[in-house]
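A.B. asks: Mind having a look at this structure? Questions to follow.
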Amino acid sequence: TVKGGLNLSSMSIKDDDETYSDNFEMKPGFHLGGLVGIPINDMFSVEGGMFLSMKGFNASDEGSFLGYNYDSDANLELYYLDIPITAKISAGTDELKIWGAAGPYIGIGIAGTKNGSFSFEGITGSSSEDVEWGSDDGSDLQQIDVGYTIGAGVEMGALLIGLSYNQSISNNASN
């Protein structure tokens with residue numbers, strides 16, 4: 001089964017004392033891939049798949065520092081190969097079924113960019129860099145992400161409409 005849709009993602013950045021991501025906004029993206037279902041009986045099945053997913057965040061800030069005005073924008077755009085395995089329960093007829101699914105996923109970071117711009121009293125600048133994947137101090141993010149997914153929806157014949165939520169349980173900081 002081919003599956004595609006809209007992603008809305010964000011990130012949380014914090015340490016023991018402070019959260020640095022309070023002004024992060026949802027980043028619209030996409031996911032596209034395929035699913036294979038293995039039926040156990042009429043109600044239960046196990047599904048596995050592989051999806052290209054766009055994730056990340058947008059952030060902006062403006063204000064005044066010592067009487068001088070500033071504004072800044074940041075954007076992190078990440079591409080992951082997500083591999084979920086879910087247990088699915090469904091009920092209804094062949095024409096209309098209601099379903100729910102839950103299970104783990106593993107994500108593999110394959111590409112990404114960090115973009116930023118600023119303006120400070122008429123002085124402007126911008127930057128764009130590729131994300132460095134890895135676990136050493138020079139890296140931006142760990143390449144492997146682990147989490148869980150839950151979802152629910154309706155099947156009408158060959159059409160499937162649903163919502164799902166993915167939550168990482170990994171600390172994806174490089175070190």
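The values are calculated or read from the model by the stated rules, or taken from the named source; none is laboratory data. Note that the structure is a prediction, hence the values are computed from the model and not measured. Methodologically, a virtual Cβ is constructed for each residue, glycine included, from the backbone with ideal geometry; neighbour enumeration extends over all protein chains shown. Surface areas here come from the heavy atoms of the whole protein model, side chains and all, with no ligands, DNA or RNA. Shrake-Rupley method; radii C 1.70, N 1.55, O 1.52, S 1.80 Å.
A.B. asks: I'd like the full set of residues that are under 16 Å from Gly112 (Cβ atoms) and in contact with a Ser or Thr (Cβ under 9 Å, 6 or more places away or on another chain), limited to the range 29-66.
C.D. replies: Selection gives Gly29, Phe30, His31, Ser53, Met54, Lys55, Gly56, Phe57, Asn58, Ala59.
A.B. asks: If you check Gly151, Gly138, Gly134, which single one turns out to be small (Gly, Ala, Ser), within 15 Å of Asn7 (Cα to Cα) and open to solvent by less than 80 Å² (accessible area, probe 1.4 Å)? Step through it out loud before you land on a result.
C.D. replies: Details: Gly138 fails: within 15 Å of Asn7 (Cα to Cα); Gly134 fails: within 15 Å of Asn7 (Cα to Cα).
None of the other options fit; the residue is Gly151.
A.B. asks: Then there is this: Which members of the range 1-33 meet the condition of being within 26 Å of Gly157 (Cα to Cα), without any contact (Cβ under 8 Å) to a residue 40 or more places away in the chain and out of contact with any Phe, Trp or Tyr (no Cβ under 8 Å at 6 or more places or on another chain)?
C.D. replies: Scanning the range 1-33 gives Val2, Phe30.
A.B. asks: Please determine, by comparing only the residues of the range 35-48 that are at pLDDT 95 or above and surrounded by 14 or more Cβ atoms within 10 Å (Cβ to Cβ), which one is nearest to the chain's Cα centre (by Cα).
C.D. replies: In this case the residue turns out to be Gly48.
A.B. asks: Does Ser170 qualify as being small (Gly, Ala, Ser) and either at pLDDT 95 or above or within 18 Å of the chain's Cα centre (by Cα) (or both)?
C.D. replies: Yes, satisfied.
A.B. asks: With respect to Gly107, determine if the residue is surrounded by 15 or more Cβ atoms within 10 Å (Cβ to Cβ) and either touching an Asp or Glu at 6+ places or on another chain (Cβ under 9 Å) or not β-branched (Val, Ile, Thr) (or both). Steps first, please.
C.D. replies: Working: surrounded by 15 or more Cβ atoms within 10 Å (Cβ to Cβ): yes; either touching an Asp or Glu at 6+ places or on another chain (Cβ under 9 Å) or not β-branched (Val, Ile, Thr) (or both): yes.
Yes, satisfied.
A.B. asks: Just one of the numbered conditions (1) over 17 Å from Leu76 (Cα atoms); (2) assigned to a strand (DSSP E or B) is not true of Ser135; which one?
C.D. replies: All conditions are met except number (2).
A.B. asks: Here's another thing I want to ask about it. Those residues that are open to solvent by 70 Å² or more (accessible area, probe 1.4 Å), closer than 16 Å to Asn75 by Cβ and part of a loop (DSSP other than H, G, I, E, B), I need them from the range 117-131; list them, please.
C.D. replies: If the condition is that a residue be open to solvent by 70 Å² or more (accessible area, probe 1.4 Å), closer than 16 Å to Asn75 by Cβ and part of a loop (DSSP other than H, G, I, E, B), then no residue fits.
A.B. asks: Within the set of pairs 6 or more residues apart or between chains, which connect a residue that is farther than 22 Å from Gly109 by Cβ inside the range 139-167 to a residue that is acidic (Asp, Glu) and assigned to a strand (DSSP E or B) with Cβ atoms less than 9 Å apart?
C.D. replies: Ile161/Glu155; Gly162/Glu155
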